[in-house]
Amino acid sequence: MYTLYALNGAGSMAPEALLAACGADYKVIVVERMPDGSFPEYFHRINPKAEVPTLVLPDDTVMTESAAMMIYLADLFPAAGMAPAIGSAARARYLRWQVYLAATIYMSDLRLFYPARFSTDPAAADGIKAKAAQAMDAEFAIYSSALGEGPFILGAQMSAVDIYAAMLCTWAPDKEALFARHPNIRRMYDAVLSRPDIKAVWTRNGE
């Protein structure tokens with residue numbers, strides 16, 4: 001069984017949705033924060049950085065980094081059709097945009113919502129947030145251009161990348177404004193959530 005340590009609505013949502021879409025045997029443990037906002041000691045023993053998501057594989061191997069989980073799980077369950085074949089041109093595109101999402105939009109979200117992590121000067125928070133919002137707008141625009149008519153980043157075939165992108169849409173400061181600027185991103189988002197197994201994960205996460 002796979003064990004996913006999670007926070008509702010956090011970066012664990014996409015790996016959880018992929019586990020569901022792949023038909024994996026898994027459980028979710030929602031990690032409760034301590035009164036001071038920190039995570040309990042047991043979680044630090046599993047992942048020294050105490051970050052979600054953290055995925056424990058059936059052989060007790062610990063995985064961190066949500067994008068790595070998406071790539072690994074999609075390859076592990078080929079029948080689910082969530083990753084193109086290794087060596088294909090589609091595979092190169094798939095990997096490019098999976099890493100792009102994790103390295104750009106995800107990081108901009110972190111700066112937007114947790115600016116204190118990115119400076120020792122509390123007065124810098126507003127500037128960090130403003131810059132992050134600008135960056136996110138530009139990063140979503142680049143992704144929208146790559147998505148084209150879609151509906152998915154690989155065209156007609158949904159992949160793990162689309163699940164990840166849909167998760168990032170839920171973190172946009174104004175999701176409806178994002179969709180108004182980029183109707184193709186809305187189409188992608190709606191197509192991802194048209195799957196009942198993924199929709200159920202969104203619902204469990206309060207989305």
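Any residue that is crowded, with 18+ Cβ neighbours inside 10 Å, among the hydrophobic types (A, V, I, L, M, F, W, C) and not in a loop (DSSP other than H, G, I, E, B) - is there at least one of those in segment 120-127?
Scanning segment 120-127, I find no residue that is crowded, with 18+ Cβ neighbours inside 10 Å, among the hydrophobic types (A, V, I, L, M, F, W, C) and not in a loop (DSSP other than H, G, I, E, B), so the answer is no.
Could you grab me the full set of residues in segment 67-81 that are over 20 Å from T3 (Cα atoms) and outside any helix (DSSP H, G or I)?
Residue satisfying the conditions is G81 alone.
Condition first: in contact with a Pro (Cβ under 7 Å, 6 or more places away or on another chain), modelled with pLDDT of 95 or more and surrounded by fewer than 17 Cβ atoms within 10 Å (Cβ to Cβ). Can you find one or more residues in segment 83-90 that meet it?
Among the residues of segment 83-90, at least one is in contact with a Pro (Cβ under 7 Å, 6 or more places away or on another chain), modelled with pLDDT of 95 or more and surrounded by fewer than 17 Cβ atoms within 10 Å (Cβ to Cβ), which makes the answer yes.
Please enumerate the residues belonging to segment 83-97 that are touching a residue at least 12 places away in the same chain (Cβ under 8 Å) and either of a type in the set (A, V, I, L, M) or farther than 15 Å from M69 by Cα (or both).
Across segment 83-97, the qualifying residues are A83, P84, A90, R93, L95.
Need pairs with beta-carbon distance below 7 Å; first residue over 13 Å from A138 (Cα atoms) and within segment 98-116, second β-branched (V, I, T); sequence gap 6+ or separate chains.
Hits for this filter: Q98/I71; Q98/V161; R111/I128; P115/I128.
Can you tell me how many residues within segment 1-59 are among the hydroxyl-bearing types (S, T, Y) and out of contact with any strand residue (DSSP E or B) (no Cβ under 7 Å at 6 or more places or on another chain)?
So the answer is 2.
Being among the small types (G, A, S), surrounded by fewer than 17 Cβ atoms within 10 Å (Cβ to Cβ) and assigned to a helix (DSSP H, G or I) is the requirement here; does A132 meet it?
For A132, the condition - among the small types (G, A, S), surrounded by fewer than 17 Cβ atoms within 10 Å (Cβ to Cβ) and assigned to a helix (DSSP H, G or I) - is not met.
The values are calculated or read from the model by the stated rules, or taken from the named source; none is laboratory data. Every value quoted in this text rests on a predicted model; they were computed, and no experiment measured them. Cβ sites come from the backbone with ideal geometry, for glycine too, and all protein chains shown count toward neighbours.
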